[in-house]
1. Taking THR4, is it part of a helix (DSSP H, G or I), of a type in the set (Ser, Thr, Tyr) and modelled with pLDDT under 90?
2. Within the stretch 13-28, which residues are assigned to a helix (DSSP H, G or I) and farther than 19 Å from GLU208 by Cα?
3. Kindly establish whether ARG128 is in contact (Cβ under 8 Å) with a residue 12 or more places away in the chain, in the same structural domain as LEU61 (by TED's automatic domain parsing) and among the charged types (D, E, K, R).
4. List pairs: first in the stretch 274-289 and closer than 13 Å to LEU168 by Cβ and in contact (Cβ under 8 Å) with a residue 24 or more places away in the chain, second hydroxyl-bearing (Ser, Thr, Tyr) and surrounded by fewer than 22 Cβ atoms within 10 Å (Cβ to Cβ), Cβ under 9 Å, 6+ apart or cross-chain?
5. Considering GLN69, GLN117, which residue is assigned by TED's automatic domain parsing to the domain that holds VAL42 and buried (at least 20 other Cβ atoms within 10 Å of the Cβ)?
6. Restricting attention to helices (runs of 4 or more DSSP H) lying wholly within the stretch 177-242, give those where 3 or more residues are modelled with pLDDT of 90 or more.
7. Quick one: is LEU173 under 20 Å from the mean Cα position of the chain (by Cα), closer than 30 Å to GLY287 by Cα and in contact (Cβ under 8 Å) with a residue 12 or more places away in the chain?
8. Looking for whichever is in the same structural domain as GLU132 (by TED's automatic domain parsing), at pLDDT 90 or above and either surrounded by fewer than 16 Cβ atoms within 10 Å (Cβ to Cβ) or of a type in the set (Lys, Arg) (or both) here; the options are PRO76, PRO96. Which one fits?
Amino acid sequence: MITTEVQRIGELQQAIESVIRGKSEAVQLAIATLLAGGHLLVEDVPGVGKTTLAQALARCLDGSFQRIQFTSDLLPSDIIGVSVYHQHTGDFEFKPGPLFANFIVADEINRTTPKTQSSLLEAMAEGRATIEGQTYELPRPFLVLATQNPTEHHGTYPLPESQLDRFLMRIRLGYPALAEEKEILRQQSQFHPLDRLRPLMHAREVIELQESVKQVRVDDALVDYLMAIVTATREYAAFELGVSPRGALALYRAAQALAFTEDRDYCIADDIKRLVVPVCAHRVVVGAQHTTHLRRGNDAEKLLIEMVNTIRVPL
């Protein structure tokens, strides 16, 4: 990897960590998602910094940015845009919605209806949107950083499997350590660290890094290891639904991106093993007999870890 690329990624991570304190793992995974050309879902209880993480990443990148607050009355046209009729010309003019930006923060995405959620499917999968039979290309790079509250909270609509499968990773932040939370209180009593963030990377540079990530080597033995994990999710008795081929590709690309962030032009087995939970946990469906207290997400993570530990790691 070129030294300047490593330095740029390090600067980006350091800037975000100045806002999201004590969460190096989450920040690195967020950056890896960006470099892999995927989309990120941050799920956790309110108030732990989900939206702040999304905004910090977007502010450090010099591209168009839109934040959409998802509510129960939000319509697909509020996201995609509408065609406006001009009476004096007799023509329709398309007015693009906030979806037409490089970086989208979809805040509390599971507080809107499934109909509105589905308006993001084509954009997230193909980088374009179709309105009234006309297809419009979205700007590149295109990244959706969505936050959601746990599904057992009031006023939420669980994301369907097809929507979840569009997210490369799902991560959680959790509560900060005592020392970090104390530092947050001291810091934000004077100013909000988001206000001091400045763009560190142009959109063009992001696209170049994404192309470089595709050159990271993955040995055949590691591909076999990855496929053994994916196949096991489809055969594991605890799972009603295993990882899809799109999920297998997501794990492959995420492993390349993670290796890239760690200054390697090749993957190792630990890259894949480390990413199984953030990439696969939201893609599997746990059988009802294996769930506890309806916390299906947590159960999926525990079961995946147990399953992966039974699979032989290649030398």
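1. In short, yes.
2. GLN14, ALA15, ILE16, GLU17, SER24, GLU25, ALA26, VAL27
3. No, not satisfied.
4. That search, which allows pairs on different chains as well, returns ARG283/SER244.
5. Numbers: GLN69 fails: buried (at least 20 other Cβ atoms within 10 Å of the Cβ).
None of the other options fit; the residue is GLN117.
6. Hits in the stretch 177-242: 203-213, 220-235.
7. Numbers: under 20 Å from the mean Cα position of the chain (by Cα): yes; closer than 30 Å to GLY287 by Cα: yes; in contact (Cβ under 8 Å) with a residue 12 or more places away in the chain: yes.
The answer is yes for LEU173.
8. The match here is PRO96.
The values are calculated or read from the model by the stated rules, or taken from the named source; none is laboratory data. Only a predicted model underlies this, so the values are computations on that prediction, with no experimental measurement involved. For neighbour counting, all protein chains shown are included, and Cβ atoms are generated from backbone atoms with ideal geometry for every residue, glycine included.
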